[in-house]
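Here's the structure we're looking at; comments come further down.
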Amino acid sequence: MPDSHPIDPEQLRGWLQAAARHDAPAFRLLYDATSPKLFGFALRILGKRELAEEALQDGFVAIWHGAASYQAHLAAPMTWMTTIVRNKALDLLRRQAHDVGIDGPMFDEGVMAALHDPRATPIDALLISRDAKALAYCMSTLAGEHRQVVGLAFFHDLSHSEVALQMAIPIGTVKTWIRRSLERLKACLAKGQRA
């Protein structure tokens, strides 16, 4: 099983370089070696198999077309491909924003773990669930790019500089968007508690 052994970054670099020259067999090897992990990653973000499959397909199309732009000194191959698939998954989430729901994979694992904590009382679980719903609603009120920046920083634990690199925007913009978004989220959550 490919998942039982770590993927050799040098091998991935070689396949990416070959894909940049439109070498379809090398691209197939790259796909076979990485798609299970990338699919699992997309599934954790999206929570639905069909959406994860779509994100994976869109991601590999982008990898095929963008293989020549891969720069080994900026990121490991798996990190670069994961970023592409993550972006495709987040694009799908934005397109589905009108159907804001509470889906475990979209929330911090800590919140979901607390919901299943055997020591938590039913009241604790209800309060956490209510807070998660309120957060989901307030996140849906943010502009798409602001929601993505907050999601990358807080739900995916990326630093400000990693978010800036991933979204190809200046770090100052990332910091400003996060600061403003957190202020809006705080106001939205406070308004919900008063209601």
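The values are calculated or read from the model by the stated rules, or taken from the named source; none is laboratory data. As the structure is a computational prediction, the values presented were derived from the model and not from experiment. Neighbour counts are summed over all protein chains in view; Cβ atoms, including those assigned to glycine, are modelled from backbone coordinates with ideal geometry. Ligands, DNA and RNA are excluded from the accessible area calculation, which covers all protein heavy atoms including side chains. Shrake-Rupley method; radii C 1.70, N 1.55, O 1.52, S 1.80 Å.
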* Look at the stretch 87-109 and say how many of its residues are modelled with pLDDT of 50 or more and assigned to a helix (DSSP H, G or I). => 11
* Asked: Can you pull out the helices (runs of 4 or more DSSP H) entirely within the stretch 139-195 that have at least 3 residues that are more than 15 Å from the chain's Cα centre (by Cα)?
  -> 171-194
* Select from the stretch 65-86 the residues that are among the hydrophobic types (A, V, I, L, M, F, W, C), open to solvent by less than 40 Å² (accessible area, probe 1.4 Å) and in a helix (DSSP H, G or I) and write down the one among them that is farthest from ALA18 (Cα to Cα). => VAL85
* **Top-ranked residue of the stretch 35-51 - restricted to ones that are farther than 19 Å from ARG95 by Cβ and out of contact with any Leu (no Cβ under 7 Å at 6 or more places or on another chain), ranked as least open to solvent (accessible area, probe 1.4 Å)** => GLY40
* Asked: HIS22: surrounded by fewer than 16 Cβ atoms within 10 Å (Cβ to Cβ), more than 23 Å from HIS156 (Cα to Cα) and touching a Phe, Trp or Tyr at 6+ places or on another chain (Cβ under 9 Å), yes or no?
  -> yes
* Identify, by number, the condition in (1) of a type in the set (D, E, K, R); (2) surrounded by 15 or more Cβ atoms within 10 Å (Cβ to Cβ); (3) at pLDDT below 75 that GLU162 doesn't meet. => (3)
